[in-house]
Every structure is written in C-alpha cells, then in structure tokens.
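The values are calculated or read from the model by the stated rules, or taken from the named source; none is laboratory data. Keep in mind that what you see is a predicted model, and the values were worked out from it rather than measured. Reconstructed Cβ throughout: ideal geometry from the backbone, glycine too, with neighbour counts over all protein chains shown.
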Amino acid sequence: MAQLKWVVAALSACFTVAASLSPSSAPNVNYTELAQQLSSSASIYLPGSDAFDDVVSRWSNLSVPVANIVVVPGTKEDVVKIVTFANEHSVPFLAANGFHGSVTTLGKMTHGIEIYLSQLSTVEIAQDGKTAKIGGGIRAKNLTDALTTEVTGACECVGYLGPGLGGGHGWLQGHHGLVSDQYLSFNIVLANGSLTTIDETSDLFWGLKGAGHNFGIVTSVTSKVYDVQYPNYAIETIFFSGDKVEEVYELANELWITNGTSPEGVNNWSYWYFDPTIDPEKPVIVMYIIQEGRDTVDPVHTAPFHQLGPIMSQPKSGTYRDLAAWTGISLADGPCQKTGNANPRFPIYLKAYNPQSQKQIYELFREATTSPGTPFAGSLFMFEGYAMQGVQALADDASAFAYRANNLLVAPLLVYPPGEALNAEARALGNRMRQVLFEGSGQATLNTYVNYAYGDETPAAWYGGDAWRQERLAALKKKYDPTGRFSFYAPIA
Ligand SMILES: Cc1cc2nc3c(=O)[nH]c(=O)nc-3n(C[C@H](O)[C@H](O)[C@H](O)COP(=O)(O)OP(=O)(O)OC[C@H]3O[C@@H](n4cnc5c(N)ncnc54)[C@H](O)[C@@H]3O)c2cc1C
C-alpha cells in the first residue's frame with residue numbers, strides 16, 4: 001500500500017498525462033482512476049523520473065515504441081485492470097520485459113501505456129519436479145538460476161516469454177525442442193481484458209507457440225522442466241582469418257549438415273567481427289563448438305578445423321551456466337547493454353551453408369566494417385547452428401513456429417549510431433547481405449525468425465508462407481484480437 005500511496009501522492013498534480021507529452025498521444029487520460037484500482041504492489045512511473053527513463057529505453061534504438069506512462073503490475077489482476085482501462089480510454093499499450101524486442105513495427109506505437117512485467121517473475125516448481133509455473137515477467141538468467149537448467153534462450157538478459165512466444169531457440173533444443181515446445185498452458189490476458197487459461201484444448205494454444213506476441217499478455221506459463229543431464233560442458237573457440245571463409249563453412253556443412261548430423265549435445269555458432277588486435281585488416285571468423293557432458297570437445301568436431309590452420313584456438317570447460325559468457329551474451333557482455341545504438345538484424349533461416357554465398361557476404365561485411373570512417377565497424381555477423389533433433393521431432397504443423405526444417409539461423413547485426421541517413425544505409429546494406437544468402441540458398445521463400453526480424457519482412461516470412469498457416473493465424477487474430485490491440489510486434493496481416 002505504501003508504494004501505491006507514494007505514487008498517487010507524488011503525482012496527484014500531474015497524474016493526467018497530457019497530450020503535450022507526445023505529439024501524437026491520445027486525449028488526456030486521468031491515470032489516477034487506474035492507480036486507484038491497482039494492487040498495493042503495483043507502481044506507476046511518469047516521464048521525467050529515472051525509473052521511467054530506465055524502462056522505456058531499449059536495446060536497439062531504431063523505431064522504438066513510445067509510452068507516456070509505465071505501469072508495473074503487481075498481480076495478474078492488475079494486468080486485467082490495465083488492459084480494461086486502456087480499452088475503455090482507447091489507449092494503446094505494450095507489454096515489456098527484457099527490452100530486447102527490436103522489430104521496427106514496434107515504432108508504430110506512438111503513445112500509450114508500457115506494461116512492465118518485472119514483478120510477475122515467480123517460479124513454482126511442481127512437486128513431481130516435471131513442470132514449473134513461470135511468471136510472464138521473468139528473464140532468462142533468473143529462470144536458469146531458479147531451475148538449474150531449463151529450455152531457455154541462450155542470452156541471459158532477454159525475457160523468457162519474449163523469445164518463447166516467437167518459438168525460442170536455446171542450447172537444449174537438440175534434446176527437448178524449442179522453448180515454446182515445452183509449454184503446457186498459459187495464463188493470459190486477452191485483448192478484451194479477460195484473464196483466461198489456454199491449454200491444448202484451445203485453438204489459440206497452437207498460435208501462442210510461434211506467433212504469440214499477437215494475442216495477449218501472458219501472466220504465467222506452465223512449462224515442462226528437466227533434470228540436469230550433464231554437469232559439465234566444453235567449448236572450443238577457433239579463430240580463422242577471413243581468407244578461409246569458404247573452407248570453414250564447407251567443413252561446417254560436411255561435419256554437421258550434409259554428411260553428418262550435429263549430435264543432440266553439440267551446438268555450433270560462429271561470429272564475424274572486426275577486431276584489429278587479431279587481424280588489423282579484415283573481420284575475423286570465430287567458430288564456437290560447444291559440447292555437453294565433456295571437459296574437452298570431441299576431436300571429431302575440432303580436429304578437422306585445426307587442419308585448416310586457424311589463427312588460434314581456445315578450449316575451456318565449465319557448466320551450462322558458463323555458456324552465455326563463453327559466447328559473449330552474459331549480463332556483463334555488450335549485447336546486454338543499452339548503448340543508444342541502433343542494432344537491426346536481417347535474419348534468414350537456411351538449410352545449409354553455401355560457401356560461395358558466404359564468401360560474397362564476407363566481402364560485403366568486410367567493406368562495411370573496415371572502410372575508413374565507417375559507422376558500422378562494431379557490427380557482428382551471426383551464424384547459429386543449434387542441434388535440431390528436439391525441434392525436428394515434432395511435426396511441421398505442431399505449432400505456429402514455421403521453420404523446423406531449417407538447420408541454421410543466420411543474421412547480420414548492424415551496430416551504428418541511429419540517424420535518418422544511416423538508418424537508410426543500414427537497411428539497404430542488411431537487405432543486400434540477406435538477399436545474397438537467399439539467392440544462394442535455393443529456397444523459394446524468405447524464411448526468417450520473427451524474434452530477430454528487421455521489420456520490413458512480410459507476415460509470410462515471419463510466420464511461414466503456406467496458405468494454411470496464414471489463414472489459420474488470420475482466423476485466430478480475428479477471433480481473439482479483432483481490433484489489433486496486440487499488433488505492434490510483427491503483426492499477423
Ligand atoms: C542479445 C540478444 C540475444 C538473444 N538471444 C536469443 C536466444 O537465445 N533465443 C531466442 O530465441 N531469441 C533470442 N533473442 C531474440 C529475442 O527472442 C527477442 O529479442 C525478444 O523479443 C526479446 O524479448 P524481451 O522480453 O527481451 O524484449 P521485450 O522488448 O521486452 O519484449 C519483446 C516482445 O515480447 C512481448 N512480451 C514480452 N513478455 C511478454 C509476455 N509475458 N506476454 C506477452 N507478450 C510479451 C512484448 O510486448 C514485446 O512485443 C536475442 C536477442 C538479443 C538482442
């Protein structure tokens with residue numbers, strides 16, 4: 001109660017958020033009415049406070065959503081009240097958790113309420129230890145800490161539901177499938193403000209697992225959880241000169257895709273970035289080979305790379321909890337900081353590498369990151385080769401996630417200070433790189449990961465081009481969100 005009193009008292013003079021706060025905001029809305037309905041643990045942040053600034057700033061500063069007010073619900077009933085209030089006053093709203101959502105469609109929110117879910121973060125493990133009820137505002141790192149291991153995303157600072165509602169890739173998908181493949185039921189506030197439970201008996205269950213950002217605010221989800229299978233993990237990080245780009249990816253194909261299959265417990269990622277301390281002239285290729293249940297990676301996966309003549313190789317051993325730091329995505333690493341930069345990605349799913357296309361995009365990336373005075377020097381090219389057995393164990397139509405048959409998730413991440421001219425340059429460059437990969441893939445459609453999407457792709461690229469998928473999603477959208485209240489994040493057409 002004390003907290004809410006503070007909010008109301010402190011804000012009584014300015015609690016009506018005025019149109020002047022945002023050029024395109026709605027007519028004045030008296031948020032005191034909303035505050036009076038909320039639980040004692042809820043909070044409200046207004047512009048001008050550090051708390052507000054902190055939770056409206058985002059990882060990527062490109063086409064960001066604009067909020068006039070932030071409401072932090074203390075309970076799931078608070079979420080109902082906020083959505084109902086927003087509906088009654090025709091105010092847009094958007095849930096937020098890890099602030100790593102970066103699809104440019106988010107920028108279509110020009111005013112309204114940010115519903116910051118941080119307090120809905122409890123984890124209750126069932127007595128049999130096989131399921132857990134997980135709050136909709138938990139972040140990946142907190143969940144991993146609470147559960148020892150789970151099927152979470154790989155990065156520590158992102159939310160858990162943000163990735164999961166779009167599919168959700170992670171280190172354990174070789175065994176168990178996507179993050180969303182673990183979901184058994186959702187407690188969700190729908191567009192009409194009703195709080196309901198959606199499980200396999202509902203038509204919406206399918207849609208929430210892959211296109212879920214379109215349908216509601218998940219206050220909690222019940223997910224399968226698993227005992228820790230392997231206490232130990234090994235990684236070998238192998239650095240190559242860019243001269244070897246074709247050989248490196250020919251070998252990756254041979255080992256893990258075309259001739260062999262990556263075993264369930266082996267994940268490989270590679271990055272390209274310009275680090276003049278390693279190569280003063282061009283971006284380096286950094287191959288991460290990660291294996292569970294071992295202290296050193298099986299030489300079957302590493303020796304062929306050694307034969308290509310790398311610049312250096314760094315083996316390490318530890319536990320599941322070290323994986324994020326080893327691959328540069330722990331809380332302490334750059335990708336978890338809000339720097340003010342724009343960070344658009346241009347993702348494409350691929351079946352295999354095309355070494356000639358790899359060479360072509362390497363040249364584009366080299367030029368972009370090393371030409372004198374370039375604003376893109378800090379960019380990263382990401383190649384994610386997760387084990388796929390758990391993902392591909394489910395039928396293609398098992399959920400709204402459309403791309404189970406694809407083995408690789410690839411994306412340039414262009415990092416630069418935002419501004420109109422550079423935004424346009426980055427968009428052209430990123431799309432050019434992706435087009436090279438698309439043409440080299442032999443695929444008929446552009447297949448992208450909605451959670452990495454730039455924002456100028458089509459709904460068919462985000463959610464699958466099959467007509468039946470688009471029709472099924474359109475029907476769900478019409479039934480559950482007919483007026484498009486949840487249409488800021490990669491909206492279904
Ligand atoms: C550094 C980095 C690492 C990443 N690592 C991974 C990874 O390992 N695996 C992976 O699959 N993806 C990963 N992603 C992509 C990630 O899935 C998306 O960026 C996702 O949108 C992040 O969610 P968030 O909660 O952090 O962001 P937010 O911007 O807070 O949320 C993203 C969207 O989800 C909605 N949302 C959040 N919580 C809820 C909820 N409870 N109910 C309904 N809607 C909700 C928000 O309204 C928003 O539209 C990564 C991205 C980055 C930048």
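The residue pairs whose first member lies in the stretch 292-316 and is at negative phi, whose second member is at pLDDT below 95 and of a type in the set (Gly, Ala, Ser), and whose beta carbons are closer than 8 Å, counting only pairs six or more residues apart or on different chains, are GLU292/GLY265.
Residues are listed down the side, and each one gets a yes or a no for (1) closer than 30 Å to LEU184 by Cα; (2) in contact with a strand residue (DSSP E or B) (Cβ under 8 Å, 6 or more places away or on another chain); (3) surrounded by fewer than 17 Cβ atoms within 10 Å (Cβ to Cβ):
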position	(1), (2), (3)
PHE376	no, yes, no
SER379	no, yes, no
ASP396	yes, no, yes
SER399	yes, no, no
TYR403	yes, yes, no
ALA411	no, yes, no
VAL415	no, yes, no
ALA421	no, no, yes
ALA424	no, no, yes
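The set of residues in the stretch 280-308 that are over 24 Å from the mean Cα position of the chain (by Cα) and within 17 Å of GLU246 (Cβ to Cβ) comprises LYS282, PRO283, VAL284, PRO304, PHE305, GLN307, LEU308.
Considering the stretch 241-338, the qualifying strands (runs of 3 or more DSSP E), each wholly inside and each with 1 or more residues that are surrounded by fewer than 17 Cβ atoms within 10 Å (Cβ to Cβ) and outside the structural domain of VAL56 (by TED's automatic domain parsing), run over 312-318. Within the stretch 295-344, the set of residues being in contact with a strand residue (DSSP E or B) (Cβ under 8 Å, 6 or more places away or on another chain), among the aliphatic types (A, V, I, L, M) and within 11 Å of the ligand (Cβ to nearest atom) comprises LEU323 only.
Annotation note: of ALA96, ALA132, ALA86, ALA146, the sole residue that is within 9 Å of the ligand (Cβ to nearest atom) and either in contact (Cβ under 8 Å) with a residue 12 or more places away in the chain or closer than 22 Å to GLY193 by Cβ (or both) is ALA96.
For GLY373, the conditions (1) within 15 Å of the ligand (Cβ to nearest atom); (2) out of contact with any Ser or Thr (no Cβ under 7 Å at 6 or more places or on another chain); (3) at pLDDT 95 or above; (4) not aromatic (Phe, Trp, Tyr) are fulfilled apart from (1). Could you tell me how many of the residues in the stretch 234-255 are closer than 11 Å to PRO304 by Cβ and hydrophobic (A, V, I, L, M, F, W, C)? Selection size over the stretch 234-255: 5.
Given the criteria in the same structural domain as LEU350 (by TED's automatic domain parsing), farther than 26 Å from ILE329 by Cα, assigned to a helix (DSSP H, G or I) and out of contact with any Gly (no Cβ under 6 Å at 6 or more places or on another chain), does GLY430 qualify?
When the stated conditions are applied, GLY430 does not pass them.
VAL80: modelled with pLDDT of 95 or more, more than 30 Å from GLU425 (Cβ to Cβ), crowded, with 23+ Cβ neighbours inside 10 Å and more than 9 Å from the ligand (Cβ to nearest atom), yes or no?
Working: modelled with pLDDT of 95 or more: yes; more than 30 Å from GLU425 (Cβ to Cβ): yes; crowded, with 23+ Cβ neighbours inside 10 Å: no; more than 9 Å from the ligand (Cβ to nearest atom): yes.
So VAL80 does not fit the description; no.
Scanning the stretch 99-125 for residues that are surrounded by fewer than 21 Cβ atoms within 10 Å (Cβ to Cβ) and either in a strand (DSSP E or B) or more than 11 Å from the ligand (Cβ to nearest atom) (or both) returns THR104, GLY107, LYS108, THR110, HIS111, GLN119, THR122, VAL123, GLU124, ILE125. Filter the stretch 226-240 for residues that are outside any loop (DSSP other than H, G, I, E, B) and either within 30 Å of LEU364 (Cβ to Cβ) or β-branched (Val, Ile, Thr) (or both); which is nearest to the ligand (Cβ to nearest atom)? Per the stated criteria, the residue is ILE235.
For the residues LEU437, LEU473, LEU394, the requirement of being away from the ligand (no atom under 14 Å from the Cβ), more than 16 Å from THR104 (Cα to Cα), under 22 Å from the mean Cα position of the chain (by Cα) and assigned to a loop (DSSP other than H, G, I, E, B) singles out LEU394.
Cβ-Cβ distances below 7 Å connect the following pairs, each with a first residue in the stretch 355-367 that is under 13 Å from PRO412 (Cβ atoms), a second residue that is at pLDDT 95 or above and surrounded by fewer than 18 Cβ atoms within 10 Å (Cβ to Cβ), and a separation of six or more residues or different chains: GLN358/GLU246; LEU364/ARG432.
Within the stretch 205-218, can one find any residue that is surrounded by fewer than 24 Cβ atoms within 10 Å (Cβ to Cβ), out of contact with any Asp or Glu (no Cβ under 9 Å at 6 or more places or on another chain) and closer than 17 Å to GLY484 by Cα? Among the residues of the stretch 205-218, not one is surrounded by fewer than 24 Cβ atoms within 10 Å (Cβ to Cβ), out of contact with any Asp or Glu (no Cβ under 9 Å at 6 or more places or on another chain) and closer than 17 Å to GLY484 by Cα, which makes the answer no.
State yes or no: is PHE365 at pLDDT 95 or above, part of a helix (DSSP H, G or I) and either out of contact with any Gly (no Cβ under 6 Å at 6 or more places or on another chain) or surrounded by fewer than 23 Cβ atoms within 10 Å (Cβ to Cβ) (or both)?
When the stated conditions are applied, PHE365 passes them.
Would you say VAL66 is touching a Phe, Trp or Tyr at 6+ places or on another chain (Cβ under 6 Å) and modelled with pLDDT of 95 or more? Against the criterion (touching a Phe, Trp or Tyr at 6+ places or on another chain (Cβ under 6 Å) and modelled with pLDDT of 95 or more), VAL66 does not qualify.
Just to be sure I understand, how many residues within the stretch 165-207 are closer than 23 Å to GLU77 by Cβ and within 9 Å of the ligand (Cβ to nearest atom)? Here the count works out to 4.
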